[in-house]
Structures are given as C-alpha cells and as structure tokens.
1. Out of Y132, Y158, Y76, Y151, which single residue is under 23 Å from I26 (Cβ atoms) and not hydrophobic (A, V, I, L, M, F, W, C)?
2. Restricting to the range 162-178, give me the number of residues that are open to solvent by 100 Å² or more (accessible area, probe 1.4 Å) and within 24 Å of D33 (Cβ to Cβ).
3. Scan the range 1-38 residue by residue and report those that are open to solvent by less than 40 Å² (accessible area, probe 1.4 Å) and away from the ligand (no atom under 16 Å from the Cβ).
4. Starting from residues that are assigned to a loop (DSSP other than H, G, I, E, B) and under 10 Å from G106 (Cβ atoms), keep the ones in the range 142-161 and report whichever is most open to solvent (accessible area, probe 1.4 Å).
5. Condition (residue is touching an Asp or Glu at 6+ places or on another chain (Cβ under 9 Å), modelled with pLDDT of 95 or more and not basic (K, R)) applied to the range 131-140: is it met by at least one residue?
6. Just wondering, is there one or more residues in the range 181-193 that are more than 16 Å from the ligand (Cβ to nearest atom), without any contact (Cβ under 8 Å) to a residue 40 or more places away in the chain, at positive phi and not hydrophobic (A, V, I, L, M, F, W, C)?
7. For the structure I just gave you, tell me whether T3 is of a type in the set (S, T, Y) and part of a strand (DSSP E or B).
Amino acid sequence: METNYNTDLFNSIIQNRHSVFPNQFIKGKAVPDEIIWQILENANRAPNHKHTEPWRFTVFSGDGLQHFSKLQLKIYTQYAGEKFKEAKLKNLVEYPLMSSHVIAIGMKRNEEQKLPEIEEIIATACAIENMYLTLTAYGIGGYLSTGGITYFEEAKAYFDLGSDDRLIGFFYIGYIANPTNSLTKRQPIQEKVKWVMK
Ligand SMILES: Cc1cc2nc3c(=O)[nH]c(=O)nc-3n(C[C@H](O)[C@H](O)[C@H](O)COP(=O)(O)O)c2cc1C
C-alpha cells in the first residue's frame, strides 16, 4: 500500500533513539509544556488489549521538581532498609533538579477486563517507547529509570496507584547540553531471528 509517510525519516528516528541522562541535560532550560503534551498524546496512542489504556502519568515540572526530589528523598530514606545506598539517594535527590520534567509512569489494572498483568505492562512499555521516539524527533533528551523507589510498594500511593497496580518507572526529560550521535551497541538482529519459510 502506498503511503505519504517518509519511511527514511521514520527509520532514522528509531535508529537514532538513545537514552540521555540528567547529568547531560542543560540545567534550568525548560522544555515547553506543549511538547510534553505531545509526548503524552503519543504515549496514549500505544496499542493495548481490550482498550484498557493502562498507562497513567504524573508530570513534575517547575517547583514540582523540588517536590519530586523531596518525595524521593522521603520515600527512599524511609523504606530502602538494607538496600540503602548514599550514592543512590544523591542521584534520586539531584536528578530531578537537573531535569526539565520528570514523568512518573504507572500501570493501572482494569477492574472489568481482568487481562493477564503482563499484557498491561506490555501496553505501558509500548507507551514508553512512543515517549522515547517523540523525544528523539524533537531533539530532546531523556531516559527511563526503574531505579530508586520504583519497586517500593509504599511508593505506589503517592502516584495514585493501588496495590494491584504497578509503578513502572520515571522518565527524566531535558534539553541535551552536547548532543551526540553515539548510540549504545546492539548485537545484529540476525542473531535473534528464526525465520521459517516452509
Ligand atoms: C525497562 C527499562 C528500565 C531502565 N532502567 C534504567 C535505570 O534504572 N537506570 C538507568 O541508568 N537506565 C535505565 N534504563 C535505560 C537503559 O539503561 C538504556 O535504555 C540502555 O542502556 C540502552 O541504551 P539506549 O536507550 O541508549 O539504547 C532502563 C531502560 C528500560 C527499557
């Protein structure tokens, strides 16, 4: 089927997507909220089984970043227990303050459609890739973190998530101080494909 899409452009956005970390951001330079909304709109287009749309977002910007930094400090200090690491806490406090926006990503279980949990997690992961690709198209940096408080049961309530829901991670977003084309390595796709022709 003929389309008007620019497939070279589309492929290059995917091929050039890479994670950019908060210490690579321009501190204090805010991404316009319209772009953040576009990122969220594109996340909302992700495929999902039975129309459950399980992704949920809490966006922190402006003074909200201070709030999020303090929240991570509080939750991590209170609940890390034996896993507590000073260096980890430092990043949890400082990374939000280096960012333009931080988006907490949740997966909310659907009450009626009791899908296998993995399907709701897959759908949310698809939403996350849409976010990554949108950032790439706009030349903005970001990465998904599943560190810190992500898997703390006690953290869920702060993001309007119940015990059956999941806190999936945190997307840190900011303008890139020194944009590069350096991509993380991938092993050839041929090593991961079995192709059956008859
Ligand atoms: C599910 C998931 C969880 C991740 N969690 C972290 C994390 O906690 N800390 C981190 O530094 N990077 C994290 N990342 C980003 C990866 O480090 C990054 O995607 C990987 O190094 C490949 O680099 P690329 O995104 O540039 O291709 C995560 C990525 C995914 C998909």
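The values are calculated or read from the model by the stated rules, or taken from the named source; none is laboratory data. Keep in mind it's a predicted model, so treat the numbers as computed, not measured. Positions of Cβ are backbone-derived with ideal geometry, glycine not excepted, and every protein chain shown enters the neighbour counts. Side chains are part of the model used for accessible areas, which takes the heavy atoms of the whole protein and leaves out ligands, DNA and RNA. Shrake-Rupley method; radii C 1.70, N 1.55, O 1.52, S 1.80 Å.
1. Working: Y158 fails: under 23 Å from I26 (Cβ atoms); Y76 fails: under 23 Å from I26 (Cβ atoms); Y151 fails: under 23 Å from I26 (Cβ atoms).
Just one listed residue meets the conditions, Y132.
2. So the first thing to find is which residues in the range 162-178 are open to solvent by 100 Å² or more (accessible area, probe 1.4 Å), and the list is 164, 178.
This time we only want the ones that are within 24 Å of D33 (Cβ to Cβ), so: none.
The qualifying residues number 0.
3. Within the range 1-38, V31, I35, I36 qualify.
4. Ranking the qualifying residues of the range 142-161, first place goes to D160.
5. Our first condition is that a residue be touching an Asp or Glu at 6+ places or on another chain (Cβ under 9 Å); within the range 131-140, this holds for 134.
From what is left, the residues that are modelled with pLDDT of 95 or more are 134.
Okay, now just the ones that are also not basic (K, R), so 134.
Yes, the range 131-140 has at least one match.
6. Residues of the range 181-193 more than 16 Å from the ligand (Cβ to nearest atom): 190-191, 193.
Pick out the ones that are also without any contact (Cβ under 8 Å) to a residue 40 or more places away in the chain and you get 190-191, 193.
From the residues that got through so far, the ones that are at positive phi too are none.
Checked against the condition, which is being more than 16 Å from the ligand (Cβ to nearest atom), without any contact (Cβ under 8 Å) to a residue 40 or more places away in the chain, at positive phi and not hydrophobic (A, V, I, L, M, F, W, C), the range 181-193 yields no hits at all.
7. Working: of a type in the set (S, T, Y): yes; part of a strand (DSSP E or B): no.
No: the conditions fail for T3.
Quick grid of which residues meet (1) at pLDDT 95 or above; (2) among the small types (G, A, S):
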{"position": "I121", "(1), (2)": "yes, no"}
{"position": "G148", "(1), (2)": "yes, yes"}
{"position": "D165", "(1), (2)": "yes, no"}
{"position": "F171", "(1), (2)": "yes, no"}
{"position": "W195", "(1), (2)": "yes, no"}
{"position": "K198", "(1), (2)": "no, no"}
